[in-house]
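Below is one structure, written out as structure tokens, with a few remarks after it.
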Amino acid sequence: MTTVDRPTPPVRTHKAERTWVGKSIRRVEDPRFLRGRGGYIADLVLPGMLHAAVLRSPHPHARIVSIDTSRAEAAPGVHAVVTGAQAAELTDPLPDFGPNPAAHTWRCLAVDKVRYVGEGVAVVVADDRYLAEDALELIDVEYEPLPPVVDPLAALADDAPLVHEPLGSNCAYDRTFEFGDVAGDFERADVVVTDQLRWHRSGGQPLETVGAVAEHDPATGGFRVHTNSLSFTSYLFMVATALKIPANRLDIVPMPAGGSFGSKLFVTKPLVIAAMCARLTGRPVRYLEDRVDNMANCDHHGSDRHYDVRMALTRDGKITAIDIDTVDDYGAYIQFGVGHHGNALAQVVGPYTIGSVRYRVRAVLTNKNQQGAYRGFGSEVNNWMLEQMVDKAARELGMDPVEIRRRNFIRSFPHFIPTGNVYDSGDYDAVLDKTLELGRYEHWREVQEQARAEGRYIGIGLITAQERSVFSATEFWFWFDEPGAPVTSMPESVTLKVDATGAITATLYSCAFWGNSPETMVAQLVAEEFDCDPHDVSVVYQSSKNGLPATGPGGSRTTVMLAGAVEGASAKIKEKARRAAAHLLEADPDDLEWRDGGFEVRGVPEKRKTLSEIAIMLHLFKHSFDEDVESGLEESKVFDHPYTTMPSADRKDLGVFYPFMGHACHLPVVEVDVETGVVTFLDYAAVHDCGTLVNPRSLAGHIQGGTAQGIGTALYEEFVYGPDGQLQTTSYLDYPIPTSLEVPELKIGHVETPSPWTPHGIKGGGEGGRMMAPAAINAAVNDALAPLGVRITELPLTPDRIRAALRAAGHGS
Amino acid sequence: MSTREITLTVNGRRTTLSVEPRKLLVDVLREDLGLVGTHIGCEHGVCGTCTVLRDGRSIRSCTTFAVQADGADIRTVEGLAQGPELHPLQEAFWEKQGLQCGYCTPGMLMRCVEILERDPDPTPQSVREQIASNLCRCTGYATITEAVCAAAEVMRSGARAGTEVAS
Ligand code: FES
Ligand code: FES
């Protein structure tokens with residue numbers, strides 16, 4: 001029996017008039033980046049620093065018979081050469097949240113066998129990177145090739161070669177979840193729509209790769225490591241374990257990241273390699289991936305799924321149930337478990353009132369680089385799958401895509417979906433209406449018709465989909481009955497300091513800058529609290545050793561969580577300042593109100609103290625105050641996840657784990673050249689609702705930029721592994737990232753439905769356009785090709801795939 | 001390894017240095033001259049992150065050996081701002097949010113300097129076509145195009161007013 005306790009948090013009253021929250025101010029981060037003074041990891045040079053380079057496996061699957069490093073060790077400028085076997089003595093396995101990690105041990109370098117092309121087998125440390133790479137060529141490795149496991153469906157066969165022998169299978173996880181009366185709903189259905197879909201792997205590919213600069217202190221045995229990947233800050237003890245040191249001997253210093261898109265989420269391998277080499281050589285060591293390292297070995301390839309889906313509907317287009325069976329090709333390891341499917345389950349029914357869900361997920365291991373995070377973390381794939389199914393149903397029922405969506409929209413909130421997650425608020429009709437108008441839907445339908453008469457294929461894609469925000473870590477463990485764990489918070493912290501002059505500094509505790517605007521956002525929130533100019537707020541990042549609990553960016557959580565922390569720290573500061581002001585004004589603290597940057601006696605504006613007047617007294621003249629008042633004006637707030645609940649013991653209800661639900665509608669218009677298979681954009685409108693906006697232009701940036709990535713996913717980008725297991729796309733020539741000519745300028749609109757449960761009503765929106773664009777573009781292409789009887793269910797829609805589909809339908813040769 | 005002596009004029013300053021023939025221009029700028037504003041993205045000539053101007057023309061410094069640039073006039077992002085004063089392109093990128101992570105920005109800025117030096121009044125479409133040489137993974141380009149057109153306008157009016165426009 002499923003019993004679930006569903007307490008909801010108290011509903012907040014949001015400030016009606018806001019000064020800074022909601023303004024598109026210039027970003028406070030930008031001046032240093034515009035001057036080329038970003039201070040990225042590659043810019044950091046320490047005295048005596050050495051450089052590491054990694055030798056990579058040319059084989060997808062092979063036993064390492066022997067490694068001879070003697071020639072490399074003798075090469076000029078070389079300080080050390082470490083093989084995988086030696087590294088296994090120097091370090092412990094890397095942090096792994098996957099099921100049964102002992103059965104698929106993951107280390108910084110391969111030990112007995114290599115499991116994908118590009119896996120590291122040895123590292124050279126030399127005076128410079130050129131010399132290190134020279135020496136790599138002098139390492140002699142003898143491999144005994146093994147048959148590669150490439151096709152995830154074939155990998156499930158009983159006689160398939162094994163990627164990890166101790167696992168006894170290539171299936172790392174297989175479970176079917178049922179939420180609601182799926183069988184009954186299918187029995188009662190008037191129509192059942194079925195389909196098979198295929199989403200190929202791509203990746204974030206930020207222009208900056210991942211790297212670390214490590215310093216070892218032989219006196220304490222500890223490390224100070226600078227890196228551009230620092231999130232899951234509260235889990236850094238796991239990195240200390242990999243380095244075999246106590247957690248309090250590790251200090252990780254966050255560096256700004258030149259883009260991440262998820263792919264710099266908790267990347268531990270470069271950090272461990274650099275630290276291992278620093279300890280070995282007694283010198284600071286930099287290990288910075290080059291592009292080939294990153295493409296082949298970043299541990300952050302995106303989802304790679306096969307779907308078998310059935311959808312149950314009534315005759316009039318009401319969707320009642322969905323039955324999803326997915327096989328996900330995780331590659332050679334599975335560091336984050338199947339958390340990607342937790343993301344999918346957070347919003348598995350999209351914006352629709354679907355009543356029951358069956359979800360089977362099989363996580364398969366193959367000889368490829370492993371999956372990590374890519375903007376959407378698997379929920380964008382679910383969006384695409386669901387919208388494809390909705391469109392197919394509309395087609396079979398002869399309904400307009402707008403109509404079928406309206407018929408199924410959720411309209412009352414909070415709404416608990418069958419999996420147990422909650423949607424806090426939304427207005428899906430408003431978003432749809434605005435998009436139809438902005439994107440001139442009717443106009444394009446007319447143009448489409450004329451074009452068809454002329455033999456041109458114009459398509460209009462219309463999708464409505466979710467963007468969940470602010471995860472709770474339950475989604476990383478509710479997959480298992482054992483070990484059970486209590487409900488998990490992923491906190492975020494801020495310290496605010498008002499100095500003696502009244503100037504404010506905010507300290508953040510995780511790597512928050514990876515292209516988003518944490519400093520601007522925090523500055524705006526602080527300015528909103530204290531009525532100052534956001535450009536006068538100083539923002540600094542603390543290293544991990546003196547850090548407060550923090551998680552870092554990911555799952556569109558930063559803005560909401562930092563807003564909570566800023567709100568909490570501000571309240572504490574104001575409380576202390578109120579008492580101090582009351583003392584100085586000889587008034588009752590309760591008679592004071594905050595106005596315009598200071599406290600004043602209600603109704604007596606001339607009796608007031610500004611924040612700086614209060615601050616200088618508190619900093620320098622403590623003895624003017626009561627005994628229990630301490631010098632200074634500095635407060636911290638650890639903000640915990642505001643709303644997460646336990647899953648039921650039988651896992652028929654997963655509880656609340658991703659409650660702040662954004663929504664968007666995308667409306668691209670494309671033309672498909674049926675001769676060449678090339679897709680071009682004629683128009684593109686996108687309207688997002690992620691609650692109250694902090695900086696509308698920043699969000700627009702995520703929508704436009706995320707859509708550019710979504711265009712890559714939909715049309716161009718794919719990490720292609722050949723049948724022999726070779727990675728065929730190891731440069732930007734083979735892995736084409738959209739340029740300014742492939743990306744249209746979006747017409748962007750915003751709807752703001754505040755969350756009842758977050759500060760100011762903010763929801764996360766950082767994953768932006770990539771949540772929706774692949775689904776929308778696929779829909780547009782299918783709409784264009786509908787008169788030819790062609791519907792494509794495989795991304796990316798490369799010209800080759802489009803031409804093949806046309807040929808298969810008997811069009812052209 | 002043997003080295004060769006080369007002379008570069010970088011952001012108006014002449015330097016003579018000895019470099020290995022195989023050393024890339026980007027590494028010489030970053031390591032020997034400390035000009036770390038020029039970034040490395042792909043290291044194989046596709047992304048444009050490493051773009052600098054050589055005798056007024058944009059080049060990929062990741063696929064250019066420093067010795068090939070012997071005697072050349074090189075301009076990098078560090079040469080754009082005049083003290084506290086940002087170049088109009090930098091101002092416009094800031095104003096229009098033509099950047100997010102900032103990693104492509106120095107290369108993109110140098111490419112845009114070249115675009116505007118060749119044509120002070122480009123159409124948005126011409127800007128779009130010309131910045132296709134440089135990848136940006138963050139912005140989706142729209143705000144960059146906008147920024148370049150806005151900077152062009154400022155620079156044209158500045159030029160008309162007889163103000164010296166830093167390049
Ligand atoms: S780094 Fe030079 S073109 Fe990519
Ligand atoms: S701003 Fe990040 S790559 Fe362009």
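The values are calculated or read from the model by the stated rules, or taken from the named source; none is laboratory data. Since the structure is predicted, the reported quantities are computational estimates derived from the model, not experimental observations. In this analysis, Cβ positions are derived from the backbone assuming ideal geometry, glycine residues included, and neighbour counts consider all displayed protein chains. Areas reflect the complete protein model, heavy atoms only, side chains present, ligands, DNA and RNA absent. Shrake-Rupley method; radii C 1.70, N 1.55, O 1.52, S 1.80 Å.
For chain A, report the accessible area per residue in Å² (1.4 Å probe, heavy atoms, rounded to an integer).
Details: 26920 Å² over 813 residues.
With the other protein chains kept in place, chain A gives 33 Å² per residue.
Would you tally the net charge around A:Phe625, using a Cβ to Cβ cut-off of less than 12 Å, leaving A:Phe625 out, and scoring K and R as +1, D and E as -1? Write out the running numbers ahead of the final one.
Numbers: positive: A:Lys576, A:Arg579, A:Lys622; negative: A:Asp626, A:Glu627, A:Asp628, A:Glu630.
Here the count lands on -1.
Which length gain, in nm to one decimal place, applies between A:Cys171 and A:Asp400 when the Cα-Cα distance is subtracted from 0.36 nm times their residue separation? Walk me through the intermediate numbers first.
Details: separation 229, 0.36 × 229 = 82.44 nm, distance 4.04 nm.
Extra length from A:Cys171 to A:Asp400 when fully extended: 78.4 nm.
Determine the share of the range B:88-157's accessible area contributed by carbon and sulfur atoms, expressed in whole percent, with a 1.4 angstrom probe. Mind showing how you got there, number by number?
On the way: 1050 of 2000 Å².
Ligands and nucleic acids excluded, carbon and sulfur reach 52 percent.
Pop out a list of residues from the range A:726-750 that are at least 40 Å² less accessible with all the protein chains around than in their chain alone; 1.4 Å probe, no ligands or nucleic acids counted.
By number: A:Tyr732, A:Ile737, A:Thr739, A:Ser740, A:Leu741, A:Glu745.
Can you give the net charge of the other residues whose Cβ lies under 11 Å from the Cβ of A:Val338, counting K and R as +1 and D and E as -1? If you can, show how the numbers build up before the last one.
Numbers: positive: A:Arg175, A:Arg362; negative: A:Asp174, A:Asp328, A:Glu475.
Cβ neighbours under 11 Å give a net charge of -1.
When Cβ neighbours within 10 Å are restricted to other protein chains, what is their mean count per residue of peptide B:31-42? All intermediate terms of the calculation are to be shown ahead of the outcome.
On the way: counts 3, 0, 0, 2, 1, 9, 7, 1, 8, 8, 9, 13.
Per residue, the average neighbour count from other chains is 5.
With heavy atoms of protein chains only and a 1.4 Å probe, what residues of the range A:189-215 have at least 50 Å² less accessible area in the full set of chains than alone?
In the range A:189-215, residues shielded by partner chains: A:Leu207.
If you wrap a convex hull around the C-alpha atoms of the range B:4-79 and split its volume per residue, what is the figure in Å³? Display every interim value, and only then the final one.
Values: hull volume 5.5 nm³, N = 76.
Convex hull of Cα atoms, per residue: 72 Å³.
Order of B:94-102, B:5-13 by packing, highest average Cβ count within 10 Å first?
Working: B:94-102: 25.0, B:5-13: 15.4.
In decreasing order of mean packing, B:94-102, B:5-13 become B:94-102, B:5-13.
Restricting the calculation to Cα positions, tell me the Rg (one decimal) and the Dmax (whole number) of the range A:195-302 in Å.
Looking at the range A:195-302, its Cα Rg and Dmax stand at 15.2, 62 Å.
So which residues in the range A:27-41 end up with at least 50 square angstrom less accessible surface once the other protein chains are there, compared with the chain by itself, probe 1.4 angstrom?
Relative to the lone chain, where solvent access is computed with a 1.4 Å probe, the range A:27-41 loses at least 50 Å² at A:Arg27, A:Leu34, A:Arg35, A:Gly36, A:Tyr40.
Where the centre of each part is set by its Cα atoms, how far does the range A:632-660 sit from the range A:269-336, in angstrom?
25
Post the alpha-carbon centroid distance, the range A:149-203 to the range A:356-377, in whole angstrom.
The distance from the Cα centre of the range A:149-203 to that of the range A:356-377 comes to 10 Å.
Divide, for the range A:299-378, the radius of gyration over alpha carbons by 2.2 N^0.38 Å, where N is the residue count.
On the way: Rg = 14.3 Å, N = 80, 2.2 N^0.38 = 11.6 Å.
Normalised Rg, Cα atoms only: 1.23.
How are the C-alpha pair distances of the protein assembly as shown spread across 10 Å bins, as whole percents from the shortest bin up?
Percent of pairs per bin, in order: 2, 11, 20, 24, 21, 14, 6, 1, 0, 0.
Across peptide A:255-262, what mean number of C-beta atoms from other chains lies inside 10 Å of a residue's C-beta? Walk me through the intermediate numbers first.
Numbers: counts 0, 3, 2, 12, 9, 3, 3, 0.
Partner Cβ neighbours, averaged per residue: 4.
Keeping all protein chains in place, calculate the accessible area per residue for the range B:88-157 (probe 1.4 angstrom), answer in Å². Can you show the working numbers first?
Numbers: 2000 Å² over 70 residues.
Using a 1.4 Å probe on heavy atoms only, each residue of the range B:88-157 averages 29 Å².
On the accessible surface of the range B:4-79, probed at 1.4 Å, how many percent belong to carbon and sulfur atoms? Working shown, then result.
Working: 1240 of 3010 Å².
Accessible surface attributable to carbon and sulfur in the range B:4-79 totals 41 percent.
Under a Cβ-Cβ cut-off of 13 Å, what is the net charge of the residues other than A:Ala465 that fall near it, where Lys and Arg count +1 and Asp and Glu count -1? Spell out each step's value before the answer.
On the way: positive: A:Arg405, A:Arg468, A:Arg770; negative: A:Glu380, A:Glu387, A:Asp391, A:Glu467, A:Asp689, A:Glu767.
Once positives and negatives cancel, what remains is -3.
What does the accessible area per residue of the range B:4-79 come to in Å², with a 1.4 Å probe and no ligands, DNA or RNA counted?
On a per-residue basis, the range B:4-79 sits at 40 Å².
Probe radius 1.4 Å, ligands and nucleic acids ignored: give me the carbon and sulfur share of the accessible area of the range A:748-813 as a rounded percent. Present the calculation step by step, with values, prior to reporting the outcome.
On the way: 890 of 1810 Å².
For the range A:748-813, the apolar C and S fraction of the accessible surface comes to 49 percent.
Want the number for A:Arg411 to A:Ala503: 0.36 nm per residue separation, take away the alpha-carbon distance, what's left?
Extra length available between A:Arg411 and A:Ala503 comes to 28.6 nm.
Do any chymotrypsin sites (Phe, Trp or Tyr not before Pro) in the range A:580-653 lie in a DSSP loop with no more than 15 other beta carbon atoms within 10 Å, and if so, which? Don't skip to the end; give the middle numbers.
Numbers: sites: A:Trp594, A:Phe599, A:Phe621, A:Phe625, A:Phe639, A:Tyr643; in loops: A:Phe621, A:Phe625, A:Tyr643.
Filter output for the range A:580-653: A:Phe621.
Pop out the ³J(HN,Hα) list for the range B:134-151 in order, Karplus 6.51 cos²θ - 1.76 cosθ + 1.60 with θ = phi - 60°, rounded to Hz; leave Gly and Pro as x.
For the range B:134-151, the Karplus curve yields 10, 7, 10, 8, 9, 8, x, 6, 4, 6, 6, 4, 4, 5, 5, 5, 5, 5 Hz.
In angstroms, what radius of gyration and Dmax does the range A:569-631 have, counting Cα atoms only?
Using the Cα atoms of the range A:569-631, the pair Rg, Dmax is 10.7, 30 Å.
Packing-wise, with mean Cβ within 10 Å as the measure, how do A:124-130, A:670-676 rank, highest first?
Numbers: A:124-130: 22.0, A:670-676: 17.9.
Highest-to-lowest ranking by the protection proxy: A:124-130, A:670-676.
Over the Cα atoms, compute the radius of gyration (one decimal) and Dmax (the largest Cα-Cα distance, rounded to a whole number) for the range B:88-157, in Å.
That works out to 10.5, 32 Å for Rg and Dmax.
For a protection proxy built on the mean count of beta-carbon atoms within 10 angstrom, sort A:470-478, A:366-374 highest first, please. Provide the component values of the computation, followed by the final result.
Values: A:470-478: 25.0, A:366-374: 27.2.
The densest-packed peptide leads the list: A:366-374, A:470-478.
May I ask you to derive the FRET efficiency for A:Thr105 and A:Ala74 from their Cβ-Cβ distance with R0 = 35 Å, giving the value to the nearest 0.05?
Numbers: r = 32 Å, r/R0 = 0.92.
So the FRET efficiency works out to roughly 0.65.
I need the shape label for the range A:516-668. Rule: rounded when a/c is under 1.5, else prolate if a/b > b/c, else oblate, with a, b, c from the alpha carbon gyration tensor.
Working: a/c = 2.17, a/b = 2.00, b/c = 1.09.
Judged from the Cα gyration tensor, the range A:516-668 comes out prolate (a/c at least 1.5, a/b above b/c).
Suppose we look only past 20 Å in the calculated P(r) of the range A:24-80. What percent of the Cα-Cα pairs does that tail hold?
Values: 959 of 1596 pairs.
So the portion of pairs separated by more than 20 Å is 60 percent.
Quick check of the Kirkwood formula: for the range A:81-179, what is the inverse mean of 1/r over all pairs of different Cα atoms, in Å?
Details: mean 1/r = 0.0625 Å⁻¹.
Hydrodynamic radius (Kirkwood, Cα pairs) of the range A:81-179 is 16.0 Å.
Using the Kyte-Doolittle scale, which helices in chain A average at least 0.0 and also have C-alpha atoms spread 20 Å or more along the helix axis, with helices defined as whole DSSP H runs? Walk me through the numbers before you get to the answer.
Values: long enough: A:379-397 (27 Å, -0.59); A:558-585 (39 Å, 0.24); A:696-711 (22 Å, -0.19).
Length and hydropathy pass: A:558-585.
Of A:Lys269/A:Lys497; A:Lys392/A:Lys434; A:Lys23/A:Lys497; A:Lys763/B:Lys96; A:Lys269/A:Lys572, which pairs sit farther than 30 Å apart, going by alpha carbon to alpha carbon? Intermediate values should be presented prior to the final figure.
Values: A:Lys269/A:Lys497 35 Å; A:Lys392/A:Lys434 24 Å; A:Lys23/A:Lys497 24 Å; A:Lys763/B:Lys96 24 Å; A:Lys269/A:Lys572 39 Å.
Result: A:Lys269/A:Lys497; A:Lys269/A:Lys572 exceed 30 Å.
As a test of the definition: with a 1.4 Å probe, what buried accessible area, both sides summed, do you compute for A against B, in Å² to the nearest 100?
Numbers: alone 29060 and 8710 Å², together 33490 Å².
For A against B, buried area totals roughly 4300 Å².
Would you work out the relative contact order for chain A, in percent, from Cα pairs under 8 angstrom that are 6 or more residues apart?
Numbers: 2025 pairs, mean separation 134.1, N = 813.
The normalised contact order for chain A reaches 16 percent.
If you count, for every residue in B:142-151, the Cβ atoms of partner chains within 10 Å of its Cβ, what is the mean? Intermediate results must be reported in sequence, preceding the final value.
Details: counts 12, 6, 1, 2, 1, 0, 0, 0, 0, 0.
Average neighbour count from other chains, rounded to a whole number: 2.
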